[in-house]
1. Sort through B:92, B:77 and tell me the only one that's over 22 Å from residue B:23 (Cα atoms), open to solvent by 40 Å² or more (accessible area, probe 1.4 Å) and in a strand (DSSP E or B).
2. Hey, residue B:44 hits all of (1) away from chain A (no Cβ under 14 Å); (2) within 29 Å of residue A:116 (Cα to Cα) but one; which does it fall short on?
3. Write out, first by first residue and then by second, each pair whose Cβ atoms fall under 6 Å of each other, whose residues are 6+ apart or on separate chains, and whose first residue, in the stretch B:21-42, is on the phi > 0 side of the Ramachandran plot and among the hydrophobic types (A, V, I, L, M, F, W, C) while the second is part of a strand (DSSP E or B) and at pLDDT below 95.
4. Just one of (1) more than 30 Å from residue A:121 (Cβ to Cβ); (2) in contact with a helix residue (DSSP H, G or I) (Cβ under 9 Å, 6 or more places away or on another chain); (3) not β-branched (Val, Ile, Thr) trips up residue B:81, so point out which.
5. Within the stretch B:44-64, can one find any residue that is surrounded by 18 or more Cβ atoms within 10 Å (Cβ to Cβ), polar (S, T, N, Q) and over 28 Å from residue A:110 (Cα atoms)?
6. Among the residues of the stretch A:35-50, write down those that are outside any loop (DSSP other than H, G, I, E, B) and polar (S, T, N, Q).
7. Before we move on, is residue A:74 at pLDDT below 95 and within 13 Å of chain B (Cβ to nearest Cβ)?
8. Determine which member of the set A:39, A:20, A:27 is charged (D, E, K, R) and either open to solvent by less than 20 Å² (accessible area, probe 1.4 Å) or in contact with an Asp or Glu (Cβ under 9 Å, 6 or more places away or on another chain) (or both).
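The values are calculated or read from the model by the stated rules, or taken from the named source; none is laboratory data. None of the values given here were measured: they were computed from a predicted structure. As a convention, Cβ positions derive from the backbone with ideal geometry for all residues, glycine included, and neighbour counts pool all protein chains shown. Heads up: the accessible areas ignore ligands, DNA and RNA and are worked out on the full protein's heavy atoms, side chains in. Shrake-Rupley method; radii C 1.70, N 1.55, O 1.52, S 1.80 Å.
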2 protein chains.
Amino acid sequence: AQMALERDYETQREYDTRYRVLSEATRDAFVFVGTRSGRVIDANPAACTLLGVARADLIGSAFSQEFDGRRRAEFVETLNLRAMDNAAEPIEAEARRSRTPVRIVATAFRAAGEPLILCRLDAAETQGAGTGEMA
Amino acid sequence: AQMALERDYETQREYDTRYRVLSEATRDAFVFVGTRSGRVIDANPAACTLLGVARADLIGSAFSQEFDGRRRAEFVETLNLRAMDNAAEPIEAEARRSRTPVRIVATAFRAAGEPLILCRLDAAETQGAGTGEMA
């Protein structure tokens, strides 16, 4: 059991590290969201910059909170529907803290635990930016 | 031991899956290279497209082979030096198969096994493209 635990730890560290290094090196902004809870599981530095929030404040909070005029249940439902449809259009929203219009490209997947949604946040071309609500 | 093995499998699957989903969703091109061997450990779809090579042909082969006029030992040494220096300039090279000028941004890190280098390949602005050698 001891050897199995050690291998467990080593294996976890290998993928954990590759995952972390990749998420820090990519210039795209990514947020992992729990399908059922709608809460942020993880976010990379590019996403924190785009949203204008510290990673520690983002993780565990409702992802809908980061956008203006988005009710949580409705936002999670939209995210789920788009995530399951490969041909779906991105979700257009405005980041509440940074006032940046973003397009959210969502992909649903299942790992070991809770089903997750990977959201790529693309900064949208700023046409009519600063007008506030985009609900 | 059976429970530990099951947890091992589940934990590995969690990070393995997140890593794979992230590497497929990012628009940046990434290649993981073994520090000592100079061989490709993994590459994402964007990298395969940029280099013009099938993933199966890339994995396990010497990364230097993908570039014109690069001797393997010298290429691996340059990659290692740049990867350890955060302030280093990207390496300029031309992808042999796709004839695309690229900039390689290298980051060294150590996971459970062999030390690795994460290479982000940025397509360089095509000034004087098509002239061949850029060694």
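1. B:92
2. Of the numbered conditions (1) away from chain A (no Cβ under 14 Å); (2) within 29 Å of residue A:116 (Cα to Cα), the odd one out for residue B:44 is (1).
3. Short answer, once both residue conditions are applied: none.
4. Of (1) more than 30 Å from residue A:121 (Cβ to Cβ); (2) in contact with a helix residue (DSSP H, G or I) (Cβ under 9 Å, 6 or more places away or on another chain); (3) not β-branched (Val, Ile, Thr), only one is false for residue B:81: (2).
5. The answer is yes; a qualifying residue exists.
6. If the condition is that a residue be outside any loop (DSSP other than H, G, I, E, B) and polar (S, T, N, Q), then A:49 is the only one that fits.
7. Spelling it out, it is not the case that residue A:74 is at pLDDT below 95 and within 13 Å of chain B (Cβ to nearest Cβ).
8. One residue alone meets the criteria, A:27.
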